[in-house]
Amino acid sequence: MDNFINIFNAAVLAGTPLLFGTLGEILSEKAGNLNLGVEGMMFMGAIGGLASVFLLEVGLDVQIVGWLAVLIAIVFSFLVGAFGAFIYSVLVVSLRTQQNVTGLALAIFGVGFGNFFGDFLRRYSPVGSVSISGAARAGFADLHIPGLSGIPVIGPLLFSYNILVYLALAIAIAMMVFLNRTRWGINLRAVGESPATADAASINVTRYKYLAACIGGGICGIGGMYIAMVATGGVWNHNAVYGFGWISVALVIFATWNPTRALLGSFIFGGLTILRFYVPMGIPMQIYDIFPFIATILVLIVTSIRQTKEHKPPAHVGVNYFREER
């Protein structure tokens with residue numbers, strides 16, 4: 001039982017950044033924006049969240065307390081990720097560039113953005129690395145919830161994670177309610193299915209596309225920050241986010257554009273990334289590294305074969321809307 005709990009905990013922790021990336025892309029695609037730049041936005045959020053806390057500590061020569069460090073990192077990673085999505089929106093929604101090419105360009109730009117500023121700050125850092133203090137790092141540690149964390153089996157399984165895990169779960173539930181139970185969510189889905197019809201119904205298509213892309217990009221940015229603050233312990237590592245964004249894009253298809261299904265997919269793929277530590281097979285470590293990508297390919301093949309009406313993407317995703325042709 002202890003081994004199962006350890007594997008489950010590790011899979012949840014490893015799958016959380018994938019969940020952020022998947023949720024952000026689902027929201028964007030629901031409005032018809034096929035943004036393949038998830039990898040870039042996660043890189044931007046990673047350096048944005050880490051650098052914000054690091055620069056404040058260095059500039060003020062203080063150690064930021066844990067809860068404040070978490071708040072600052074969330075805000076700045078969201079804003080930087082949203083900025084990347086805003087660039088995408090200007091090009092795609094306003095200038096009507098090709099969505100696939102623009103998304104790929106954003107992915108390349110975001111990776112370069114994160115690695116450039118990470119290396120730049122490290123080169124000129126007074127401590128020789130971009131790392132936050134122990135006090136700030138404590139805010140990203142696993143929580144102990146009185147009365148809940150101590151419950152046998154259930155406590156370790158459900159109530160022993162860091163605050164960002166619960167934030168990801170809350171966003172998934174809130175997004176599901178928003179898309180299916182609110183007028184704004186239904187309007188957003190209408191924009192993704194038939195922007196001409198939504199426009200005729202006096203729904204501001206441009207506004208919904210911008211907001212969905214930018215908020216989705218901000219959520220992706222928080223996922224990148226999670227990697228920088230939790231997975232790498234508040235220390236900037238070159239290419240730390242590598243691959244997570246592309247897996248998140250595939251998980252959108254695995255989840256069939258459903259935020260609650262994204263929970264299952266993210267934790268399954270998270271489990272694949274930590275398999276090497278719990279299921280030794282006597283194979284080279286590099287083989288373990290490709291397991292998530294093999295699973296990604298299989299997911300794409302299976303979902304393309306077993307397409308159903310309920311599991312299809314929004315009808316207008318990836319297609320630019322020309323109001324003049326309405």
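Check whether at least one residue in segment 154-165 is open to solvent by 60 Å² or more (accessible area, probe 1.4 Å), over 11 Å from ALA69 (Cβ atoms) and free of Cβ contacts under 8 Å to residues at least 60 places away in the same chain, and report yes or no.
Yes, segment 154-165 contains a residue that is open to solvent by 60 Å² or more (accessible area, probe 1.4 Å), over 11 Å from ALA69 (Cβ atoms) and free of Cβ contacts under 8 Å to residues at least 60 places away in the same chain.
Taking the stated definitions as given, is ILE173 closer than 30 Å to LEU68 by Cβ and loosely packed, with under 15 Cβ neighbours inside 10 Å?
It is true that ILE173 is closer than 30 Å to LEU68 by Cβ and loosely packed, with under 15 Cβ neighbours inside 10 Å.
In this structure, does ALA105 turn out to be in contact (Cβ under 8 Å) with a residue 40 or more places away in the chain, within 24 Å of the chain's Cα centre (by Cα), open to solvent by less than 60 Å² (accessible area, probe 1.4 Å) and within 30 Å of LEU158 (Cβ to Cβ)?
Against the criterion (in contact (Cβ under 8 Å) with a residue 40 or more places away in the chain, within 24 Å of the chain's Cα centre (by Cα), open to solvent by less than 60 Å² (accessible area, probe 1.4 Å) and within 30 Å of LEU158 (Cβ to Cβ)), ALA105 does not qualify.
Exactly one of (1) more than 21 Å from ASP61 (Cα to Cα); (2) part of a helix (DSSP H, G or I) is unmet by ASP142. Its number?
That leaves (2) as the condition not met.
Which of the helices (runs of 4 or more DSSP H) contained wholly in segment 35-128 include at least 2 residues that are closer than 20 Å to VAL230 by Cα and aromatic (Phe, Trp, Tyr)?
Counting at least 2 such residues, we get 38-60, 66-89.
Only one residue in THR197, THR206, THR182 is of a type in the set (S, T, N, Q), closer than 29 Å to GLN99 by Cβ, in contact (Cβ under 8 Å) with a residue 40 or more places away in the chain and surrounded by fewer than 18 Cβ atoms within 10 Å (Cβ to Cβ). Which one?
THR206
Taking TYR242, is it surrounded by fewer than 18 Cβ atoms within 10 Å (Cβ to Cβ), farther than 15 Å from GLY32 by Cβ and in contact with a helix residue (DSSP H, G or I) (Cβ under 9 Å, 6 or more places away or on another chain)?
It is true that TYR242 is surrounded by fewer than 18 Cβ atoms within 10 Å (Cβ to Cβ), farther than 15 Å from GLY32 by Cβ and in contact with a helix residue (DSSP H, G or I) (Cβ under 9 Å, 6 or more places away or on another chain).
If SER149 satisfies every condition in (1) open to solvent by 50 Å² or more (accessible area, probe 1.4 Å); (2) without any contact (Cβ under 8 Å) to a residue 60 or more places away in the chain but one, which is the exception?
Going through the list (1) open to solvent by 50 Å² or more (accessible area, probe 1.4 Å); (2) without any contact (Cβ under 8 Å) to a residue 60 or more places away in the chain, SER149 breaks only (1).
Which residue, of GLY48, GLY40, GLY59, is small (Gly, Ala, Ser), free of Cβ contacts under 8 Å to residues at least 12 places away in the same chain and under 26 Å from ARG123 (Cα atoms)?
GLY59
Could you check segment 232-250 and list, in sequence order, the residues that are among the β-branched types (Val, Ile, Thr) and in contact with a strand residue (DSSP E or B) (Cβ under 7 Å, 6 or more places away or on another chain)?
Once the filter is applied, which keeps residues that are among the β-branched types (Val, Ile, Thr) and in contact with a strand residue (DSSP E or B) (Cβ under 7 Å, 6 or more places away or on another chain), segment 232-250 yields only VAL235.
Being of a type in the set (A, V, I, L, M, F, W, C) and surrounded by 15 or more Cβ atoms within 10 Å (Cβ to Cβ) is the filter; apply it to segment 265-286 and report the residue that is farthest from TRP246 (Cα to Cα).
LEU275
Out of (1) hydrophobic (A, V, I, L, M, F, W, C); (2) under 30 Å from ASN187 (Cα atoms); (3) open to solvent by less than 10 Å² (accessible area, probe 1.4 Å), what's the single condition that is false for LEU36?
(3)
For segment 196-247, how many residues meet the condition of being aliphatic (A, V, I, L, M) and under 29 Å from ILE186 (Cβ atoms)?
The total comes to 12.
The values are calculated or read from the model by the stated rules, or taken from the named source; none is laboratory data. The structure displayed is predicted, hence computed values, not measured ones. Neighbour counts are summed over all protein chains in view; Cβ atoms, including those assigned to glycine, are modelled from backbone coordinates with ideal geometry. Heavy atoms of the whole protein, side chains included, go into the accessibility calculation; ligands, DNA and RNA do not. Shrake-Rupley method; radii C 1.70, N 1.55, O 1.52, S 1.80 Å.
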